[in-house]
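Asker: First the structure, which I've put down as structure tokens, then a few questions once you've had a look.
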Amino acid sequence: MKKVNILQLIASTCLLIGSIINFLNSLIEIPFALYVCAGPLFLISLILFGVVLVKQIKNKKK
């Protein structure tokens, strides 16, 4: 697999886990420590998607 595909897979996984945590928090009361982990997961996924986007733009220019 290409590095871009692996980064996109990791970013998607982080986004999915963060979304599941938020969804569970809306349905049931989850521990605060688990809820706090959702924020960094969204931030990590945002950064990784940005890196993937920049790499794809650079590849298209070549």
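The values are calculated or read from the model by the stated rules, or taken from the named source; none is laboratory data. This structure is a prediction, so every number in the text was calculated from the model and none was measured. Cβ placement follows ideal geometry from the backbone for every residue including glycine, while neighbour counts extend to all protein chains displayed. These accessible areas exclude ligands, DNA and RNA; they are computed on the full protein's heavy atoms, side chains included. Shrake-Rupley method; radii C 1.70, N 1.55, O 1.52, S 1.80 Å.
Asker: Going through the stretch 20-38 one residue at a time, which ones are open to solvent by less than 60 Å² (accessible area, probe 1.4 Å) and either free of Cβ contacts under 8 Å to residues at least 12 places away in the same chain or β-branched (V, I, T) (or both)?
Answerer: I21, I30
Asker: Take the stretch 39-53 and flag every residue that is within 13 Å of K3 (Cα to Cα) and either of a type in the set (K, R) or open to solvent by less than 80 Å² (accessible area, probe 1.4 Å) (or both).
Answerer: L48, F49, V51, V52
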